[in-house]
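The next block holds one structure in the form of structure tokens; read it before the comments.
The values are calculated or read from the model by the stated rules, or taken from the named source; none is laboratory data. Computed from a prediction, not measured in an experiment: that's the story for all the values here. Neighbour counts are summed over all protein chains in view; Cβ atoms, including those assigned to glycine, are modelled from backbone coordinates with ideal geometry.
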């Protein structure tokens, strides 16, 4: 819908307008986005603050997503479809805690997005909670909690020094 404030989301049929972002949120998103851009394989693209259409009443905007390169679309693209997305990442803010910790993971899992990360601020440092979709239950299972370093083999080889946020 034209004329909406930037970063408006449709969740459960209601418009949600993002509050002002904190410095931690900006730094965490930047650290992850830049790191993932440098490590993503050629068949994936990393995108920031793009909505994902999950259904008629669901169009959330994850902080970062990794999408299939062949479904990345042209420069006028305004939303991705759930099956375009391999990874959705939410950096938790005070005003979005319930949505980022509870509602959005439920929606992403039901839509079949295989990987989800939730990033929390613990004493000014990112702690990354990594989840993978259990296809039998269509729910996320926690596969790890990463404090100083994020090293994963899925959805691709990832190695991020989370303490780098201190240098930014």
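What the table shows:
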read-out: Conditions (1) surrounded by fewer than 18 Cβ atoms within 10 Å (Cβ to Cβ); (2) touching a residue at least 40 places away in the same chain (Cβ under 8 Å): number failed by residue 26; value: (2)
read-out: Within region 122-145, considering residues that are over 15 Å from the mean Cα position of the chain (by Cα) and either under 17 Å from residue 24 (Cα atoms) or touching a residue at least 60 places away in the same chain (Cβ under 8 Å) (or both), the one surrounded by the fewest Cβ atoms within 10 Å (Cβ to Cβ); value: 123
read-out: Number of the exception - residue 118 against (1) surrounded by fewer than 13 Cβ atoms within 10 Å (Cβ to Cβ); (2) assigned to a strand (DSSP E or B); value: (1)
read-out: Residue satisfying condition, being assigned to a helix (DSSP H, G or I) and within 15 Å of residue 66 (Cα to Cα), within set 166, 100, 83; value: 83
read-out: Number of the exception - residue 84 against (1) touching a residue at least 60 places away in the same chain (Cβ under 8 Å); (2) surrounded by 15 or more Cβ atoms within 10 Å (Cβ to Cβ); value: (1)
read-out: Where residue 36 falls short, out of the listed (1) free of Cβ contacts under 8 Å to residues at least 40 places away in the same chain; (2) in a helix (DSSP H, G or I); (3) under 15 Å from the mean Cα position of the chain (by Cα); value: (1)
read-out: Test: residue 150 is outside any helix (DSSP H, G or I) and more than 16 Å from residue 29 (Cα to Cα); value: no
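Okay, residues lined up against (1) surrounded by fewer than 18 Cβ atoms within 10 Å (Cβ to Cβ); (2) modelled with pLDDT under 95; (3) over 24 Å from residue 153 (Cβ atoms); (4) touching a strand residue (DSSP E or B) at 6+ places or on another chain (Cβ under 9 Å):
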position	(1), (2), (3), (4)
3	yes, yes, yes, no
7	yes, yes, yes, yes
31	no, no, no, yes
36	no, no, no, yes
40	no, no, no, yes
66	no, no, no, yes
70	yes, no, no, no
73	yes, yes, yes, yes
